[in-house]
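Right, one structure below, let's go through it.
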Amino acid sequence: MRFWKAVTAIIWKDIRAELRTKDIFSSMFVFALLSVIVFNFAFELRVPDMKMVAPGIVWVAITFAGTLGLNRAFVIEQDKGSLAGLLLAPVDRAAIYFGKMLGNLLFIVVVTVILLPLVMIFFNLSLLSWQHILVLLLGIYGFAAVGTVFSAMAVNTRAREVMLPILLFPVLLPVLVAGVKMTGSLLDGEPLSDVANWLQLVAIYDVGFTVVAYLTFGFVVEE
Amino acid sequence: MERSSRTLMIFTALAAALVLFAAYMALRGAPDAVGLTEDNTFAQRIIYFHVPSAWLSMLAFGVTMVASIGYLVTSKRAWDSLAVSSAELGLVFTLAATASGAIWAKPAWNVWWTWDPRLTTYTIMFLLFVAYFMLRSAMEDPARRARFSSVYAIFAFLSVPITFMSIRWWRTIHPVLIDPNEGFGLGPGMMNAFFISLFSFTVLYAVLLAHRYRLERTKEQVEELKEQLGY
């Protein structure tokens with residue numbers, strides 16, 4: 001299909017650019033690691049068991065690192081003028097959205113995959129089960145779906161990098177709350193069915209905002 | 001005076017009279033709540049101010065979202081003016097509801113603020129529309145500003161019910177006014193006063209919105225005239 005060919009071409013473009021510079025990935029990963037370490041010192045002496053705060057630490061680290069990555073995603077396009085090129089290409093605006101969004105998703109997933117083992121070692125936990133991975137994936141997807149639209153907006157404002165977290169965090173809150181809640185329950189050894197309603201909430205969020213983003217992205221990149 | 005502004009003046013006077021009447025009903029007209037301590041009996045009367053404010057903040061942000069969709073569909077600047085006017089009023093009523101809630105919470109819960117889910121959601125809604133105004137102020141081009149803030153308003157307003165849903169699953173200590181099992185939580189006399197103030201505040205909102213909208217349109221006209229004159 002033409003649509004998905006355009007989408008994969010955009011993802012592939014981002015991956016290739018990233019493989020050459022490794023700008024986004026390295027800054028995201030180092031920042032995520034730093035926030036985990038900072039949280040460790042912020043909580044260590046006050047919290048009896050790091051397991052109690054680990055879900056929060058994981059989700060906040062992913063959110064912070066993801067915000068950093070999202071900022072770069074459109075700044076690069078804008079500064080080098082490649083966004084204009086993308087818009088001139090004879091493809092649907094929605095294809096540009098899905099291409100950029102899935103690219104962002106991929107970067108955050110890769111960072112998370114490398115971050116998780118380190119978190120497991122630092123805090124002596126196990127996060128390697130399909131339930132944990134499902135929860136993380138659903139949350140990160142919601143993050144990328146909303147974040148891609150906002151980062152395309154933020155890059156066109158005066159404040160740029162500062163704007164994105166201000167726009168993104170309040171809208172993102174349901175995902176963050178549900179993510180922390182679910183990761184926490186799974187760490188306490190409860191089955192996934194105990195958090196089914198939270199899972200539903202994130203699923204509704206993901207589907208709903210993908211549709212809204214699909215409908216509105218054209219207005220954001222329009223010149 | 002134009003006819004439209006004369007009509008607006010009449011409605012403004014009507015809104016003022018209604019709000020005064022609502023204040024009388026809230027302070028004198030409504031019966032005392034039963035089974036509360038003396039402090040809490042007085043504090044309870046804040047409901048006639050608190051609930052209408054909260055309702056209007058939701059209504060105002062809802063109007064902002066509808067107007068934003070209107071802008072994206074038609075590209076008419078009037079819709080954007082309506083959206084920003086309503087969003088501003090929404091922020092005012094959000095602050096009014098939060099402040100009155102805090103005044104009630106001190107005698108009832110013994111704290112000004114608690115991280116109750118409903119209060120938290122409300123704070124998030126406040127922040128969403130603060131972000132809306134920050135986004136607007138970070139762009140000069142009116143068309144782009146209108147487009148971006150319309151898109152953001154849609155995202156922002158839709159995220160509120162999702163955040164709200166999680167309320168029911170967290171333990172909440174906020175009173176529930178309309179309970180599906182127990183019906184309405186107010187006696188008949190209180191109900192009268194309650195609906196009078198709800199109605200009066202809604203009229204007040206509509207009048208304020210009309211004023212604010214006119215101001216916004218005038219501002220745009222001045223901008224256009226300045227441009228034509230080469231300022």
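The values are calculated or read from the model by the stated rules, or taken from the named source; none is laboratory data. What you see is a predicted model, and the numbers here were worked out from it, not measured in a lab. Virtual Cβ from ideal backbone geometry, glycine too; neighbours counted across all protein chains shown.
Condition test on A:A154, is it surrounded by fewer than 20 Cβ atoms within 10 Å (Cβ to Cβ), more than 14 Å from the chain's Cα centre (by Cα) and over 21 Å from B:T121 (Cβ atoms)? Even if it seems obvious, please write down each step before you answer.
Details: surrounded by fewer than 20 Cβ atoms within 10 Å (Cβ to Cβ): no; more than 14 Å from the chain's Cα centre (by Cα): yes; over 21 Å from B:T121 (Cβ atoms): yes.
Taking the combined requirement at face value, the residue does not satisfy it.
Take B:W112 and tell me if it is at pLDDT below 90 and either touching a Gly at 6+ places or on another chain (Cβ under 8 Å) or outside any helix (DSSP H, G or I) (or both). Spell out how you get there, then give the answer.
Details: at pLDDT below 90: yes; either touching a Gly at 6+ places or on another chain (Cβ under 8 Å) or outside any helix (DSSP H, G or I) (or both): yes.
It is true that B:W112 is at pLDDT below 90 and either touching a Gly at 6+ places or on another chain (Cβ under 8 Å) or outside any helix (DSSP H, G or I) (or both).
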Worksheet item: Quick one: is A:F29 in contact (Cβ under 8 Å) with a residue 40 or more places away in the chain, closer than 20 Å to A:E18 by Cβ and within 14 Å of the chain's Cα centre (by Cα)?
Response: yes
Discussion item. Here are the criteria: (1) in contact with a Leu (Cβ under 8 Å, 6 or more places away or on another chain); (2) among the β-branched types (V, I, T); (3) without any contact (Cβ under 8 Å) to a residue 40 or more places away in the chain. Tell me which single one B:V73 does not satisfy.
Written reply: (1)
Item to complete: Select from the range B:42-62 the residues that are among the aliphatic types (A, V, I, L, M) and surrounded by fewer than 22 Cβ atoms within 10 Å (Cβ to Cβ) and write down the one among them that is nearest to the other protein chains (Cβ to nearest Cβ).
Response: B:M58
Worksheet, complete the sentence: Matching residues in the range B:70-83 (surrounded by fewer than 19 Cβ atoms within 10 Å (Cβ to Cβ) and either touching a strand residue (DSSP E or B) at 6+ places or on another chain (Cβ under 8 Å) or among the hydrophobic types (A, V, I, L, M, F, W, C) (or both)) number 2
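It is to be established whether one or more residues within the range A:69-79 are polar (S, T, N, Q), within 22 Å of A:V177 (Cα to Cα) and touching a residue at least 12 places away in the same chain (Cβ under 8 Å).
Start the filter on the range A:69-79 by keeping residues that are polar (S, T, N, Q), which leaves A:71, A:78.
Those left that are additionally within 22 Å of A:V177 (Cα to Cα): none.
Within the range A:69-79, none of the residues are polar (S, T, N, Q), within 22 Å of A:V177 (Cα to Cα) and touching a residue at least 12 places away in the same chain (Cβ under 8 Å).
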Response to the item:
Given the conditions (1) assigned to a helix (DSSP H, G or I); (2) surrounded by fewer than 22 Cβ atoms within 10 Å (Cβ to Cβ), every one holds for A:V47 apart from (1)
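For the structure I just gave you, tell me whether A:M182 is more than 11 Å from chain B (Cβ to nearest Cβ) and touching a helix residue (DSSP H, G or I) at 6+ places or on another chain (Cβ under 7 Å).
Working: more than 11 Å from chain B (Cβ to nearest Cβ): yes; touching a helix residue (DSSP H, G or I) at 6+ places or on another chain (Cβ under 7 Å): yes.
In short, yes.
Give the number of residues within the range A:199-214 that are among the β-branched types (V, I, T) and facing chain B (nearest Cβ under 9 Å).
Residues of the range A:199-214 that are among the β-branched types (V, I, T), as a first pass: A:202, A:204, A:207, A:210-212.
Then drop every residue that is not facing chain B (nearest Cβ under 9 Å), which leaves A:204, A:212.
Count: 2.
Every residue, every condition in (1) surrounded by fewer than 20 Cβ atoms within 10 Å (Cβ to Cβ); (2) at pLDDT below 95; (3) touching a Leu at 6+ places or on another chain (Cβ under 6 Å); (4) more than 7 Å from chain A (Cβ to nearest Cβ), yes or no:
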residue: B:L127; (1), (2), (3), (4): yes, yes, no, no
residue: B:P142; (1), (2), (3), (4): yes, yes, no, yes
residue: B:V160; (1), (2), (3), (4): no, yes, no, yes
residue: B:F164; (1), (2), (3), (4): yes, yes, no, yes
residue: B:I167; (1), (2), (3), (4): yes, yes, no, yes
residue: B:W170; (1), (2), (3), (4): yes, yes, no, yes
Response to the item:
Per the list (1) more than 8 Å from chain B (Cβ to nearest Cβ); (2) touching a Ser or Thr at 6+ places or on another chain (Cβ under 9 Å); (3) more than 23 Å from B:V73 (Cβ to Cβ); (4) in contact (Cβ under 8 Å) with a residue 40 or more places away in the chain, residue check on A:F217 breaks on (3)
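Can you confirm whether the range A:190-198 contains a residue that is under 12 Å from A:L136 (Cα atoms), surrounded by fewer than 21 Cβ atoms within 10 Å (Cβ to Cβ), touching a residue at least 12 places away in the same chain (Cβ under 8 Å) and more than 9 Å from chain B (Cβ to nearest Cβ)?
Going residue by residue through the range A:190-198, those that are under 12 Å from A:L136 (Cα atoms) are none.
So far as the range A:190-198 goes, no, none of its residues is under 12 Å from A:L136 (Cα atoms), surrounded by fewer than 21 Cβ atoms within 10 Å (Cβ to Cβ), touching a residue at least 12 places away in the same chain (Cβ under 8 Å) and more than 9 Å from chain B (Cβ to nearest Cβ).
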Worksheet entry | Number of the condition not met by A:L136 [criteria: (1) crowded, with 22+ Cβ neighbours inside 10 Å; (2) more than 10 Å from chain B (Cβ to nearest Cβ); (3) free of Cβ contacts under 8 Å to residues at least 12 places away in the same chain; (4) of a type outside the set (K, R)] | (3)
Worksheet item: Which is at pLDDT 80 or above and closer than 21 Å to B:L82 by Cα, of B:L198, B:L215?
Response: B:L215
Item to complete: Considering only the range A:146-168, state which residues are more than 8 Å from chain B (Cβ to nearest Cβ) and either in contact (Cβ under 8 Å) with a residue 40 or more places away in the chain or within 16 Å of A:V221 (Cβ to Cβ) (or both).
Response: A:G147, A:T148, A:S151, A:A152, A:A154, A:V155, A:R160, A:E161, A:L164, A:P165, A:L168
